[in-house]
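Each value in this text was obtained by applying a stated rule to the coordinates, not by laboratory testing. Since this is a predicted model, take the numbers as computed values, not measurements. So basically every Cβ, Gly included, is an ideal-geometry build from the backbone, and we count neighbours across all protein chains shown.
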Amino acid sequence: MSPDALTLRSKSLAPSNIALVKYWGKRDVALNIPATGSISVTLDGLSTTTTVDFRPGRERDECTIDGERDGPGAARVVKFLDLIRSTHAVDARALIESSSNFPAGAGLASSASGFAALAVACDAALGLNLSPAELSVLARRGSGSAARSLVGGFAEMRVGESSDGTDSHAVALAAPDSLDLTVFVAVTTREPKAVGSTEGMLRTAETSPYYEAWTQATTRTLDEMRAAILAADVERVGALAEANAMHMHATMLGAQPPLLYWNGATVETVRAIQALRSSGACAFVTIDAGPQVKVLCDSASRDGVRATLDEVQGVLEVIESRPGPGARLLEAR
Ligand code: PMV
């Protein structure tokens with residue numbers, strides 16, 4: 001590509017998402033193709049903003065994430081840029097600045113919003129003109145869950161069948177306001193998780209005796225979750241999401257060595273929400289590869305959930321969100 005064709009600089013914003021049916025396992029590690037589909041809700045207000053600036057003549061990529069220059073996350077970003085450069089015949093190196101407005105590395109999917117934002121920004125800056133499906137495939141190469149953050153509202157990640165992964169991308173299932181859903185994030189630590197998701201997935205697939213049952217159950221749950229979302233049945237969505245998260249954590253606990261992502265406050269939060277539900281609230285938990293608990297509830301249960309989470313010892317912060325729009329370009333020039 002000639003340097004003249006470059007827009008050079010662009011800025012994007014991508015939201016985080018929470019999986020309602022989780023992805024935990026890969027069918028192709030090199031191409032980062034998931035072993036199963038997944039379904040998520042894109043979260044309003046929890047986002048990553050990324051600026052990329054490609055300059056012909058720049059010697060190397062320089063990457064600043066949440067104020068830290070060339071820190072631990074930079075190598076993954078450079079690898080992602082190398083993939084784009086090799087696929088699209090680009091030489092230029094980039095200056096990247098990325099910041100998230102929520103704690104990174106603790107199960108809040110900063111890699112989802114981060115790689116979705118990076119894919120959108122690179123597409124614009126380099127004039128790649130990727131289709132929504134191609135953009136989702138590109139984001140997936142950075143992080144599997146990032147493929148879903150391109151899409152607003154409720155998104156389904158298709159597992160796909162092709163060996164090159166071109167049909168493994170997210171599609172929209174339902175608009176953000178189609179369900180009466182509030183999502184609370186109960187932050188129980190600000191420390192990064194000990195075992196990253198790729199390492200955790202590989203360990204689980206190789207050593208957990210429950211892995212095959214997990215992938216089979218997930219495939220069935222996808223059909224049930226899709227139907228519950230399309231029926232706008234928040235109670236059913238919550239119940240399916242909670243069960244799916246528990247199945248994933250049970251499968252992780254079966255790995256050797258076991259993957260225990262929870263802390264004490266995680267357990268207390270789960271118990272508190274289950275007790276609230278026994279008293280009639282429509283409230284359910286889901287937990288990713290980290291100790292934060294996300295609570296899914298309807299608007300009638302919202303105040304009760306907030307008051308309950310405020311009382312749980314060890315919950316450091318409670319963030320309220322709801323379904324929101326997908327990734328978007330903020331500036332290009
Ligand atoms: O996209 P990754 O590699 O960060 O993996 C995401 C794994 C989970 O958050 C646990 C589940 C999911 O589908 O988001």
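Descriptive notes on the structure:
- Positive-end extreme of charge dipole, the chain - chosen from ASN17, ALA133, PHE102 (charges on Cβ): ALA133
- Inter-probe distance in nm under a simple model that places probes 7 Å from Cα toward Cβ, at ALA175 and ARG55: 4.4
- Relative contact order (%) - the chain, alpha-carbon pairs under 8 angstrom, separation at least six: 25
- 0 to 90° range, to nearest 10: angle between helix 132-142 axis and the chain longest Cα axis: 80
- Additional length obtainable on full extension of the chain from ALA30 to MET246, 0.36 nm per residue less Cα span: 75.0 nm
- Separation of region 108-158 and region 44-96, taken as the distance between their Cα centroids, equals 15 angstrom.
- nm² value of the averaged projected area, convex hull over the Cα atoms of region 122-233: 9.9
- Taken one residue at a time, the phi angles of region 316-321 give Karplus couplings (6.51, -1.76, 1.60, θ = phi - 60°) of 7, 7, 10, 10, 9, 9 Hz. Gly and Pro are set to x.
- Taking a Cβ cut-off of under 14 Å around ARG328, the surrounding Lys, Arg, Asp and Glu residues balance to a net charge of -2, with basic ones at +1 and acidic ones at -1.
- Tilt relative to the chain, helix 110-125 - C-alpha long axis, 0 to 90 degrees, to 10: 30
- Residue exposure sequence - MET248, MET201 - by fewest surrounding Cβ within 10 Å: MET201, MET248
- Charge tally in the Cβ shell below 14 Å around VAL195, where Lys, Arg are +1 and Asp, Glu are -1, VAL195 excluded: -2
- Using the Cβ-Cβ distance between ASN101 and GLU134 with R0 = 35 Å, the FRET efficiency computed as 1/(1 + (r/R0)^6) comes to roughly 0.80.
- With a Förster radius of 51 Å applied to the C-beta separation of GLU317 and ALA89, the computed FRET efficiency comes to 0.65.
- According to the Cα-based calculation, Rg over Rh for the chain is 0.97, with Rh computed by the Kirkwood formula.
- Report note on the peptides 289-301, 19-31: ranked by the mean count of other C-beta atoms within 10 Å, highest first, their order is 289-301, 19-31.
- Label zone at ASP303, where the point sits 7 Å out along the Cα-to-Cβ direction: region 256-283 residues whose backbone N lies under 18 Å: 276-277, 279-283
- Net charge in the neighbourhood of ALA170 (other residues with Cβ under 10 Å of its Cβ; Lys, Arg +1, Asp, Glu -1) is +2.
- Neighbour counting of Cβ atoms within 10 Å sorts the residues GLU59, GLU134, fewest neighbours leading, into GLU59, GLU134.
- In region 174-207, trypsin sites (Lys or Arg not before Pro) in a DSSP loop with at most 14 other beta-carbon atoms within 10 Å: ARG190
- Computed label-point distance, nm, for sites VAL267 and ARG328 using a 7 Å Cα→Cβ extension: 4.4
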